[in-house]
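J.: First the structure, which I've put down as structure tokens, then a few questions once you've had a look.
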Amino acid sequence: MPVPVPRQRAIPAAESGQAQTVFHGGGPSAAPAPHREATKPKETTVEKDNRHSGHTSTHSTHLSHTTNLTLLLIEDDPGGWPIVPELLDSAGKPIRVRTARNLTEAERLLTDDVHCILLDLALPAPGRSGGSGSGDDDELAVLKHVLELAPRHAVLALTASGDAERGAQAVRVGAQDYLFRDELDGRLLSRAIRYAVERKRSDTAERRLAEGRLRAQENRRLERGLLPTPLLDGSMLHFAARYRPGRSRALLGGDFYDAVRTPDGTVHAMIGDVCGHGPDEAALGVELRIAWRALTLAGLCGDELLNTLQQVLEHERADDEIFATLCTVDIAPDGRRAGLCLAGHPSPLVITPGRPARLLPYDNNGPALGLLPGARWPRTQVELGAEWSLMLYTDGLIEGRIGAEGERLGQDGMLEMVSRQFAQGRRREELLRAAVNEARELNGGELTDDVALVLLDREP
């Protein structure tokens, strides 16, 4: 469409280091080409203020209170085509304009305070001495180079009037929009700049959201893979587990558990808790669980096994203050007796017919792993009987709050709760789920620490 030629008005001096005065409408440049190198650039008000205050004009923090947006124009002859000087952002403030004649200048001027790039697709492709080339790939190569140079910036492609196909190709490659060179006016260009910046922000936010979702999915798959699959083939015992990490949106915390059956028919189970419940503690818990399984299948038990696990913890922990509590039980092949080792961990509870839930003996509770070099962990022999349910747990369950005074649930409260739920007919997974849910309700919300429960049942 025809472009009117109103009164000539100069835009702020370009920041490329060359004097250029570009006019509204179709007028020519006021600065003759032979004198461009020798003419001193015209200072903007911001540049004068910054110079007098001792600051450089390109520092973004000194521009933010005056100008919201900065445009970088990449065009080999900025003075040879019309661009409107009074470009305004959505708040009515002037849009700062920088000009670059080539990609080398553009790279120098592309600072963090640039929000949008206006690129002439007729520029020579990288590596060519002149001319835009005859093929589409040449002009799009310029755009691709700019997109690689400025992946976080909005880009507007400038093309010849009517060449909508090339503009569409530019958008497919990665530009936010395209404009026709000889159809620009102030309102169109200002609106296009604002639109491109907002679209780039939206695209960036969507990409980060998609990347975050993908990363979360990968983490969930990884964490699920790190949760144990008990090896109890051939055992007469029933196994159930419940795991609830304290970290928000996590599947794995510092608690860990496992159960295996050795070739002699003995069932070994354990539960542990690394102090803290972040990703580092979760990783350490997985290492201890895997080490426990390997050592158990290799024939170690009791004090010998725990001493080796302490060496693993001391070698793998990131800080000397990190420790882990542990409870291990080894149940005889006939299922009537068990050996118990405690390393600073709460004693398991057992339920037998006709009796309320009770704690197994904890008089021989040794220190947590990682606290005392050369510590010992005695093994206590306990009688279970013909029919029983044995629950191992971490302190995240018993440290939940109850009542108006905020006292802890504690082991006594846990025993009463589990006995009541067991008497109501809840068993296995249902019993564990009910225990965690009631503890959460008593707490008035989510439990803040990791919670792990393991239940072994023997029925005649």
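J.: It is to be established whether one or more residues within the stretch 404-413 are closer than 21 Å to L340 by Cβ, assigned to a helix (DSSP H, G or I), among the acidic types (D, E) and over 33 Å from the mean Cα position of the chain (by Cα).
T.: Scanning the stretch 404-413, I find at least one residue that is closer than 21 Å to L340 by Cβ, assigned to a helix (DSSP H, G or I), among the acidic types (D, E) and over 33 Å from the mean Cα position of the chain (by Cα), so the answer is yes.
J.: Now for a separate question. So which of R187, R249, R220 is at positive phi, modelled with pLDDT under 85 and out of contact with any Gly (no Cβ under 7 Å at 6 or more places or on another chain)?
T.: Of R187, R249, R220, the one residue that is at positive phi, modelled with pLDDT under 85 and out of contact with any Gly (no Cβ under 7 Å at 6 or more places or on another chain) is R249.
J.: Kindly provide the set of residues from the stretch 437-460 that are under 28 Å from the mean Cα position of the chain (by Cα) and either of a type in the set (S, T, Y) or within 25 Å of L231 (Cβ to Cβ) (or both), ordered by number.
T.: First, the residues of the stretch 437-460 that are under 28 Å from the mean Cα position of the chain (by Cα): 440, 445-452.
Hits for the stretch 437-460 are T448, D450, V451, A452.
J.: Return the total of residues in the stretch 315-325 being under 22 Å from P348 (Cα atoms) and either in a helix (DSSP H, G or I) or touching a helix residue (DSSP H, G or I) at 6+ places or on another chain (Cβ under 7 Å) (or both). If you could, list the steps in order and put the result at the bottom.
T.: Step one: list which residues in the stretch 315-325 are under 22 Å from P348 (Cα atoms), which gives 323-325.
With either in a helix (DSSP H, G or I) or touching a helix residue (DSSP H, G or I) at 6+ places or on another chain (Cβ under 7 Å) (or both) added as a condition, the list becomes 324.
Number of matching residues: 1.
J.: Of all residues in the stretch 180-220, count the ones that are acidic (D, E), assigned to a helix (DSSP H, G or I) and either in contact with a helix residue (DSSP H, G or I) (Cβ under 6 Å, 6 or more places away or on another chain) or within 25 Å of A168 (Cα to Cα) (or both).
T.: 5
Here's the yes/no breakdown for (1) of a type in the set (K, R); (2) not in a strand (DSSP E or B):
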{"position": "L306", "(1), (2)": "no, yes"}
{"position": "L313", "(1), (2)": "no, yes"}
{"position": "V329", "(1), (2)": "no, no"}
{"position": "L342", "(1), (2)": "no, no"}
{"position": "P353", "(1), (2)": "no, yes"}
{"position": "R376", "(1), (2)": "yes, yes"}
{"position": "A386", "(1), (2)": "no, yes"}
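Every residue, every condition in (1) out of contact with any Cys (no Cβ under 6 Å at 6 or more places or on another chain); (2) at pLDDT below 80; (3) more than 18 Å from R194 (Cα to Cα); (4) part of a loop (DSSP other than H, G, I, E, B), yes or no:
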| position | (1), (2), (3), (4) |
| --- | --- |
| I83 | yes, yes, no, yes |
| E86 | yes, yes, no, yes |
| V97 | yes, no, no, no |
| T104 | yes, no, yes, no |
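Residue-by-condition table, conditions (1) out of contact with any Gly (no Cβ under 6 Å at 6 or more places or on another chain); (2) surrounded by fewer than 19 Cβ atoms within 10 Å (Cβ to Cβ); (3) modelled with pLDDT of 95 or more; (4) not assigned by TED's automatic domain parsing to the domain that holds G254:
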position: A404; (1), (2), (3), (4): yes, yes, no, no
position: V418; (1), (2), (3), (4): yes, no, yes, no
position: A423; (1), (2), (3), (4): yes, yes, no, no
position: E430; (1), (2), (3), (4): yes, yes, yes, no
position: G445; (1), (2), (3), (4): yes, yes, no, no
position: D449; (1), (2), (3), (4): no, no, no, no
position: V454; (1), (2), (3), (4): yes, no, yes, no
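Residues are listed down the side, and each one gets a yes or a no for (1) within 36 Å of the chain's Cα centre (by Cα); (2) closer than 24 Å to P361 by Cβ; (3) polar (S, T, N, Q); (4) crowded, with 17+ Cβ neighbours inside 10 Å:
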residue	(1), (2), (3), (4)
R242	yes, no, no, yes
G272	yes, yes, no, yes
Q310	yes, yes, yes, yes
E316	yes, no, no, no
E321	yes, no, no, no
C327	yes, yes, no, yes
D334	no, yes, no, no
H345	yes, yes, no, yes
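J.: In the stretch 289-335, how many residues are more than 25 Å from G253 (Cα to Cα) and without any contact (Cβ under 8 Å) to a residue 60 or more places away in the chain?
T.: Matching residues across the stretch 289-335 total 5.
The values are calculated or read from the model by the stated rules, or taken from the named source; none is laboratory data. Only a predicted model underlies this, so the values are computations on that prediction, with no experimental measurement involved. Every residue, glycine among them, receives a Cβ derived from its backbone with ideal geometry; neighbour counts consider all protein chains shown.
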